[in-house]
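Structure, as structure tokens:
The values are calculated or read from the model by the stated rules, or taken from the named source; none is laboratory data. Values in this document were obtained by computation on a predicted structure and should not be read as measured data. Heads up, the Cβs are rebuilt from the backbone with ideal geometry, glycines too, and the neighbour counts pull from every protein chain shown. Accessible surface is based on the protein model in full, side chains and every heavy atom, while ligands, DNA and RNA are left aside. Shrake-Rupley method; radii C 1.70, N 1.55, O 1.52, S 1.80 Å.
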Amino acid sequence: MRHSTLRQLEVFEAIVRYGSYTRAAEELFLTQPTVSMQIKKLTDAVGLPLFEQIGKKIYLTDAGKELHEMNQDIFKRFERFEMIAADMKGMKTGKLRLAVVTTAKYFVPRLLGMFCRQYPGIEVSLKVSNRAHILERLANNQDDLYILGQPPKEIDVIAETFLKNQLVALASVEHPLANEKGITPKRIVKEPFLSRESGSGTRIATERFFADQGLKPKIRMELGSNEAIKQAILGGLGLSILSHHTLALDAPTGQLVVLDVKGLPINRHWYYAYPAGKQLSVVAQVFLEYLQQAPQLLVDISCHYANIGHCPLLTSGNKKSSYQS
Ligand code: PGA
């Protein structure tokens, strides 16, 4: 086994990733017979089959699964070493794997744009999913860093806030409550409510807000994205509580209003997190440092894009803001 080469492990890893010899060969610029030969050598060295073919699909055998796990460790350590070596040479290069909750997509890509311009040698991959999926990834240590609205209690993590996140009640400008002041939560629950899907952090925070007051909203519809909810609000289907960030840039200006509800906004924060005990890579550390400037960077950008004198995205306190133009 020790005579197996790194190349063979690389070929093995690519086959697992693509589930195909052909695609692995393409990625590694090898011919398919070469890929097959490398896997045969590796299989001989292990002394057990690594893959089994059922129909057109290939699956890992138990030995293959064990090898895959070890392989991932080896390649992670390699990547880490490459980054450290690059850092010693005064360069910031390597991969940054970020996984963020759905709502963070309203500002993380903009932060990444500037980050990538500042560090062109860093290659970033971004996974966007709801809270439940992100926590699953975090528990399995699949990425370098995570961005979410509330650190999990059930997983031991290092987490810190870096940006405000206010959850506000949104309605269509035509809604009868649109121009009212000091609306009570009791009044809100009389209206049809549009809720995010289960597993969403926004939904958990919203449910807690109502539950704390002994209230339960009348759910008219559950929708799997903030955008779908905004469209449903505009379609007159009801009200919702969403992060103020969902109004960034692509807000259908002039059609949505933030309602003046007592007890709102729900003042939350965005956290970065990673599993406790995880050794952060050089580029992950660079990104964490960069994140400290997030409030300032986003103020600049939102003012620039929205071409407005103030930046409602990041204001604090119970200010009523509307997007009527
Ligand atoms: P969500 O998470 O996008 O899954 O709703 C947002 C949050 O946790 O605040």
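Within the stretch 70-100, can you find the residues that are within 18 Å of E10 (Cβ to Cβ) and open to solvent by 70 Å² or more (accessible area, probe 1.4 Å)?
M70, Q72, D73, K76, R77, F78, F81, E82, K95
Conditions (1) more than 27 Å from K95 (Cβ to Cβ); (2) touching a Leu at 6+ places or on another chain (Cβ under 7 Å); (3) of a type in the set (V, I, T), marked per residue:
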residue	(1), (2), (3)
L6	no, no, no
L9	no, no, no
E13	no, no, no
G19	no, no, no
E26	no, no, no
T34	no, no, yes
G47	yes, no, no
I74	no, yes, yes
R77	no, no, no
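Scan the stretch 34-63 and report the pairs whose first residue is touching a residue at least 12 places away in the same chain (Cβ under 8 Å) and whose second residue is assigned to a strand (DSSP E or B) and of a type in the set (D, E, K, R), with Cβ atoms within less than 6 Å and a gap of 6+ or a chain change.
Close Cβ pairs (under 6 Å, with a partner that is assigned to a strand (DSSP E or B) and of a type in the set (D, E, K, R)) amount to T61/E52.
Give me a count of the residues in the stretch 91-118 that are in contact with a Ser or Thr (Cβ under 8 Å, 6 or more places away or on another chain) and either more than 30 Å from V168 (Cα to Cα) or more than 14 Å from the ligand (Cβ to nearest atom) (or both).
Total meeting the criteria: 5.
I'd like to verify a number: residues in the stretch 117-142 that are charged (D, E, K, R) and either within 15 Å of K95 (Cα to Cα) or touching a helix residue (DSSP H, G or I) at 6+ places or on another chain (Cβ under 8 Å) (or both), how many?
Residues flagged as charged (D, E, K, R) and either within 15 Å of K95 (Cα to Cα) or touching a helix residue (DSSP H, G or I) at 6+ places or on another chain (Cβ under 8 Å) (or both) within the stretch 117-142 amount to 4.
Is it the case, given these coordinates, that K218 is more than 16 Å from the ligand (Cβ to nearest atom) and basic (K, R)?
yes
So which of S195, S225, S200, S172 ends up being over 25 Å from the mean Cα position of the chain (by Cα) and either within 19 Å of A132 (Cα to Cα) or among the polar types (S, T, N, Q) (or both)?
S172
Can you pull out every residue in the stretch 144-178 that is away from the ligand (no atom under 16 Å from the Cβ) and without any contact (Cβ under 8 Å) to a residue 24 or more places away in the chain?
The answer is P176, and nothing else.
Test Y59 against the stated conditions and say whether it is of a type in the set (F, W, Y), farther than 30 Å from T202 by Cα, at pLDDT 90 or above and surrounded by fewer than 17 Cβ atoms within 10 Å (Cβ to Cβ). Break it down into steps so the answer makes sense when it comes.
Numbers: of a type in the set (F, W, Y): yes; farther than 30 Å from T202 by Cα: yes; at pLDDT 90 or above: yes; surrounded by fewer than 17 Cβ atoms within 10 Å (Cβ to Cβ): yes.
So Y59 passes the test.
Under 9 Å between Cβ atoms, which residue pairs at least 6 apart in sequence (or on different chains) link something in the stretch 105-126 that is within 17 Å of K164 (Cβ to Cβ) with a partner that is assigned to a helix (DSSP H, G or I) and open to solvent by 40 Å² or more (accessible area, probe 1.4 Å)?
Correct list of pairs: R110/Y305.
To keep it simple, each residue is scored yes or no on (1) in contact with a Lys or Arg (Cβ under 6 Å, 6 or more places away or on another chain); (2) surrounded by fewer than 19 Cβ atoms within 10 Å (Cβ to Cβ).
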{"site": "L145", "(1), (2)": "no, no"}
{"site": "V173", "(1), (2)": "no, yes"}
{"site": "P176", "(1), (2)": "no, yes"}
{"site": "F193", "(1), (2)": "yes, no"}
{"site": "R208", "(1), (2)": "no, yes"}
{"site": "Q213", "(1), (2)": "no, yes"}
{"site": "P217", "(1), (2)": "no, no"}
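May I ask you to list the residues in the stretch 184-206 that are farther than 16 Å from G238 by Cα and outside any loop (DSSP other than H, G, I, E, B)? Break it down into steps so the answer makes sense when it comes.
So the first thing to find is which residues in the stretch 184-206 are farther than 16 Å from G238 by Cα, and the list is 184, 198-202, 204-205.
Scanning the stretch 184-206 gives G201, T202, I204, A205.
State yes or no: is G263 out of contact with any strand residue (DSSP E or B) (no Cβ under 9 Å at 6 or more places or on another chain), at pLDDT 90 or above and open to solvent by 10 Å² or more (accessible area, probe 1.4 Å)?
Yes: the conditions hold for G263.
Considering only residues that are more than 10 Å from the ligand (Cβ to nearest atom) and open to solvent by 60 Å² or more (accessible area, probe 1.4 Å), look in the stretch 126-143 and name the one that is nearest to the chain's Cα centre (by Cα).
Once the filter is applied, the top-ranked residue is K127.
Would you kindly identify the strands (runs of 3 or more DSSP E) lying entirely within the stretch 121-183 that contain at least 1 residues that are within 17 Å of A284 (Cα to Cα) and among the acidic types (D, E)?
Counting at least 1 such residues, we get 122-129, 157-172.
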